[in-house]
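K.L.:
Sharing a structure here in structure tokens format.
The values are calculated or read from the model by the stated rules, or taken from the named source; none is laboratory data. Values in this document were obtained by computation on a predicted structure and should not be read as measured data. Cβ placement follows ideal geometry from the backbone for every residue including glycine, while neighbour counts extend to all protein chains displayed. Just so you know, the surface numbers come from the protein's heavy atoms only, side chains and all, with ligands and any DNA or RNA stripped out. Shrake-Rupley method; radii C 1.70, N 1.55, O 1.52, S 1.80 Å.
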Amino acid sequence: VQKAVKKSARREQLQREEMEQRRLKTVLELQYLLDQLGEDSVRQDLKRPDESGSPLITDADLASFDEFYKLVGPDRNCDVRLTDQYEEASQHLWSLLEGREKPVAGTTCRYFCSLFQKVHTVTPTKTKWRSGPWRLRYPQIRHYFTHQ
């Protein structure tokens, strides 16, 4: 019986570690996306209409992403402790991972979560994203970031 309890506890620990690793991977993917959105060609690709005629993301979405970028990657302010700056940034990222209705950057973390997932479902081709973890295929982006 004690062996089964230990085995079960170990399995639960492994599951928690896998979930934490997936969350960390998601944060890294989000940071990559936010960095890529600094490039005009990427922004234009994401605003290009799909078969239905509607863009993947709008100018308003891009503006919200820009604001969110400033919140989760703050410029160094010597008047504020670095740990305090990153504490606030980590709270925003955690709220996004949780998909909370917390207001942020003119929208909510839940909206950013859905928008982030939406952007992962499409990938424009013929861009320099090929060097990154994006599989680019225009006009539709295939789901590449899968969380099994």
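K.L.:
Sorting 27, 80 by accessible area (1.4 Å probe), largest first, what list results?
P.N.:
The residues order as 80, 27, largest area first.
K.L.:
I would also like to ask the following. All other residues with a Cβ under 11 Å from the Cβ of residue 96 taken together, and with Lys, Arg as +1 and Asp, Glu as -1, what is their net charge?
P.N.:
For residues surrounding residue 96, the net value is +3.
K.L.:
Right, next: Through the Karplus equation 6.51 cos²θ - 1.76 cosθ + 1.60, θ set to phi - 60°, convert the phi angles of the range 30-36 into ³J(HN,Hα) values in whole Hz; use x for Gly and Pro.
P.N.:
Taking θ as phi minus 60°, the curve returns 4, 4, 4, 4, 4, 5, 5 Hz for the range 30-36.
K.L.:
What does the accessible area of residue 40 come to, in Å² to the nearest 10, when a probe of 1.4 Å is used?
P.N.:
100
K.L.:
Rounded to the nearest 10 Å², what accessible area does residue 64 have for a 1.4 Å probe in the complete protein model?
P.N.:
Approximately 20 Å² of residue 64 is accessible to the 1.4 Å probe.
K.L.:
What figure in square angstrom, to the nearest 10, would you give for the accessible area of residue 17 with a 1.4 Å probe?
P.N.:
Approximately 80 Å² of residue 17 is accessible to the 1.4 Å probe.
K.L.:
Determine how many Å³ per residue the convex hull of the Cα atoms of the range 1-63 encloses.
P.N.:
Here the figure is 118 Å³ per residue.
K.L.:
Further question: Within 11 Å, Cβ to Cβ, of residue 113, how many net charges do the neighbouring residues add up to if Lys/Arg are +1 and Asp/Glu are -1?
P.N.:
My count for the surroundings of residue 113 gives +2.
K.L.:
Taking 8 Å as the Cα distance limit and 6 or more residues as the minimum spacing, I'd like the relative contact order of the range 1-66 as a percentage.
P.N.:
18
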